[in-house]
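**Q** Below you'll find the structure I mean.
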Amino acid sequence: MKQVTFSGWLIQAFELANKQPVVWLGSVVFLTVVLALGRISLALQIVVSISCLFVSVGVVDAIDRGSSDFWKTIKRHLPLACLLATVLMLLWFLFRVIANFNSGETEKIWQFFFYWELSEAAFEDKTLRQIMLWLYSAAIVSLVFVILMLNSFASWFSYPLMIFDHKSWSDARDVGRKAFADNAGAIYKLNGFLLITAFVGIGLVPLLTPLFYMLVSTLMYVSYKDIFVNQINL
């Protein structure tokens, strides 16, 4: 059986991105705009960010298959991606409500759904890095949140197993957790790389946030394929 390694997944991710670099980088440009638009509402930002992350897994799959019908791919992935994103947003809202009640700041609860900050004052006396960090801070935290939630309440492989193998949430969780246990070394390195990069790398260079989102989606796809497709076909 072929050995599964984190370095192997990184190599596969870069090779896959190079298959159709215009499409892959075009997706990054699209994410650059969409992730920034969600800044008017934390709830909207969470749904948009997580939906983009999961839909991008489908775009990567289309690149891998050499398909050019990306609109069909997006329509196939969007319902499940939005559903999972909404569930995670509601979990975040629950944590936020508990935190606001404990701190006595109940008036901030509804700011989760709408808090207009896109004013001229928000951009005054700020460097480009500060503006980018302000625009993408919620997207960065959303990415860290979804990685933690996947590894706590589901599994790293839950989304690809649900969308590609048509498994239920509980089956995808159980199968994904078994795969995690069988390949713990590689997946721990992967998760460590993602969390460190999100906290440190994107924190220093927030403009890389859309690029990192696309990289995470690509790694999610190649790690799923390496374990659940390639290993079976050997």
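**Q** What is the distance in Å between the Cα centres of the range 151-196 and the range 19-65?
**A** 20 Å
**Q** Straight-line reach from residue 225: which lysines have Cα under 20 Å away, leaving out those fewer than 8 places along the same chain?
**A** Output for residue 225: 2, 19, 167, 178, 189.
**Q** Assigning unit charges at the beta carbon (Lys, Arg +1; Asp, Glu -1) and nothing else, what dipole magnitude in debye, to the nearest 20, does the chain show about its Cα centre?
**A** Dipole magnitude for the chain comes out near 440 debye.
**Q** Of the listed peptides 157-164, 41-48, 18-25, what is their order by residue-averaged count of other C-beta atoms within 10 Å, with the highest listed first?
**A** Final packing ranking: 157-164, 41-48, 18-25.
**Q** Further question on the same structure: Ignoring everything except DSSP H segments at least 4 long, calculate the 222 nm mean residue ellipticity for the chain; use -39,500 (n - 2.57) per segment, divide by total residues, nearest 500.
**A** -24000 deg cm²/dmol
**Q** Identify all aspartates and glutamates with a Cα-Cα distance to residue 75 below 14 Å; exclude those on the same chain that are fewer than 8 residues away in sequence.
**A** Counting by Cα, and skipping residues close in sequence, residue 75 has these aspartates and glutamates nearby: 61.
**Q** Something else now. Would you tally the net charge around residue 88, using a Cβ to Cβ cut-off of less than 15 Å, leaving residue 88 out, and scoring K and R as +1, D and E as -1?
**A** The answer is +2.
**Q** May I ask which residue of 35, 81, 24 lies farthest towards the positive end of the charge dipole of the range 1-87, with charges of +1 (Lys, Arg) and -1 (Asp, Glu) on Cβ and the Cα centre as origin?
**A** 81
**Q** Please give the helix 6-17 orientation as an angle from the longest Cα principal axis of the chain, in degrees from 0 to 90, rounded to the nearest 10.
**A** Roughly 80 degrees between the two axes.
**Q** In percent, what relative contact order does the chain have, based on Cα pairs under 8 Å that are 6 or more apart in sequence?
**A** Normalised by residue count, the contact order of the chain is 33 percent.
**Q** Okay, next question. Could you point to the label whose value was computed as Cα extents along the principal axes in Å for the structure here, given [x] 80, 72, 32; [y] 48, 45, 35; [z] 58, 38, 33?
**A** Entry [z].
The numbers here are math on the coordinates, done by the rules we state, and not lab data. Remember, it's a predicted structure, so these values are computed and weren't measured experimentally. Neighbour counts run over all protein chains shown; Cβ positions are idealised from the backbone, glycine included.
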